[in-house]
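Scroll down for the structure; my scribbles are underneath it.
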Amino acid sequence: MMKKVQPAVKKEIVLFDFGQTITVQAIIQGLENMGYTVNSAVAGSWNMYQYINDSSVFVLHLGEGVLFSERKQEELVNIIKNLRAKRRKIIIVGEISFHHDVVEFLPELGFYPWFDKPVNMDKFERVVEAFDEQKNVKEKILVVDDDPAFCKMIRSHLMEIFQVSVVTSGKQAITFLHQNKVDLVLLDYNMPEMPGPEVLKALRSNEETKKIPVAFLTGIDNKESISQVLALKPQGYILKSATKEALISKIDDVLRANPSQA
C-alpha cells in the first residue's frame, strides 16, 4: 500500500508597507525564497484591513516619512492597537537612524523585534520561523473572582486568545495552582473569606507557586487604593472597568515582562 503524502503546510505572512521604497521588494523576495506567500498592502489602503484578522506573522515596513506624516502616524497607531488586541506576532523593519524617534513616538513598538535596513535575512528568517511556531500557542490564564457573572464576561473576552480557567475563591485558586501550571493569574483584590492579598502572600510563600505572575483585578480607581495594590508588588493591576482591548493589552504587557514559568 502506498503511503499517503501529507500536503505541505501553507506558510503565509502579512506585510504592511509604510515606506513605499524599493527595500520592501527585497524583503518580499526574501520571504518568498523562504517559502512564504506574502500578502502585502500599503498602509492606509482599502485592502490593508482585510488582513487585520489574519493569524499570520505581521511585518511592518516603516519609512522615515512615518514620523512627519500625521496620517501615517495615525495609521501606525491604529494598526498596532488592532494587532496588539489580537496578540499578533509583529516584526518591524526600518532605518537605524530613526529607530529611537519612532519608539519614542510609539513606545509599544519597543516590544517587537526591530530589523535595521538592509535586513540580515538569515536572522530575519530565524525570527519569522520562531514566531510562526509560536503564533498558535495559547498562554494559560487563571481568573480568580467571587463574581460568577464577571468571570463569565472576562472568560468570553479572553478565550479566543488564551486558555482560560476560572475559580471563584482564593482557596480554590491555591488548590488549582498546586495541580496546574499557568502563565498568569488574574486575581480579584477584594474577595470574602480569603482576599486577594492573602492569596498572593500564600502563593509567594510556596516554592511551587512563588514565581507565577499575578495581576490584581480591582474595581476601585483612586490613588490611595492603587497605592495599596502596588505596595504588594504584583506584576500588574487591571481595572475591572477596562475594555476588552485594554484588558488584553495589559495582559500582554505583564506576559512580556514575565516570561512563562509553565
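The values are calculated or read from the model by the stated rules, or taken from the named source; none is laboratory data. On a predicted model such as this, the values are computed, not experimentally measured, just so you know. Cβ coordinates were reconstructed from backbone atoms using ideal geometry, including for glycine residues, and neighbour counts include every protein chain displayed. The area values use the complete protein model at the heavy-atom level, side chains included, leaving out ligands, DNA and RNA. Shrake-Rupley method; radii C 1.70, N 1.55, O 1.52, S 1.80 Å.
The Cα atoms of region 120-262 cover 55, 33, 28 Å along the three principal axes, with the biggest extent listed first.
DSSP assigns beta bridges within the chain; of those with both partners inside it, close to 0 percent run antiparallel. In the structure shown, the pairs Lys81/Lys171; Lys117/Lys140; Lys86/Lys123 are assessed against 32 Å; a Cα-Cα span above that value is assigned to Lys81/Lys171; Lys117/Lys140.
Using the Cβ-Cβ distance between Glu245 and Asn120 with R0 set to 30 Å, the FRET efficiency works out to roughly 0.35. Applying D = kT/(6 pi eta Rh) to the chain, where Rh is the Kirkwood radius over alpha-carbon pairs, T corresponds to 20 °C and eta to 1.002 mPa s, the Stokes-Einstein value obtained is 104 µm²/s.
Using the heavy atoms of the protein chains and a 1.4 angstrom probe, tell me the accessible area per residue for region 1-141 in square angstrom.
Details: 7990 Å² over 141 residues.
Result: 57 Å² per residue.
Among Gly35, Gly94, Gly63, which one shows the highest mean-square fluctuation when the chain is modelled as a Gaussian network with alpha-carbon springs under 10 Å? Looking only at Gly35, Gly94, Gly63, the largest GNM fluctuation is found for Gly35. Remark: the Glu160-Ile220 segment gains 18.9 nm on full extension, using 0.36 nm per residue and subtracting the alpha carbon distance.
When shorter helices are ignored and each DSSP H run of at least 4 residues is given -39500 (n - 2.57), the per-residue value for the chain at 222 nm works out to -11500 deg cm²/dmol. Note on Ala41/Lys211: beta-carbon distance plugged into 1/(1 + (r/R0)^6) with R0 of 41 Å gives a FRET efficiency of 0.50. Stokes-Einstein, applied to the Kirkwood radius of region 122-200 over Cα pairs at a viscosity of 1.306 mPa s and 10 °C, places its translational diffusion at 113 µm² s⁻¹. Relative contact order of region 122-262: 20 percent, from C-alpha pairs under 8 Å at least 6 residues apart in sequence. Using Cα atoms only, what is the angle between the long axis of helix 170-179 and the major principal axis of the chain, expressed in degrees (0 to 90) to the nearest 10? Long axis of 170-179 versus the principal axis of the chain: about 60 degrees. For the chain, the share of accessible area belonging to carbon and sulfur comes to 51 percent (1.4 Å probe, ligands and nucleic acids excluded).
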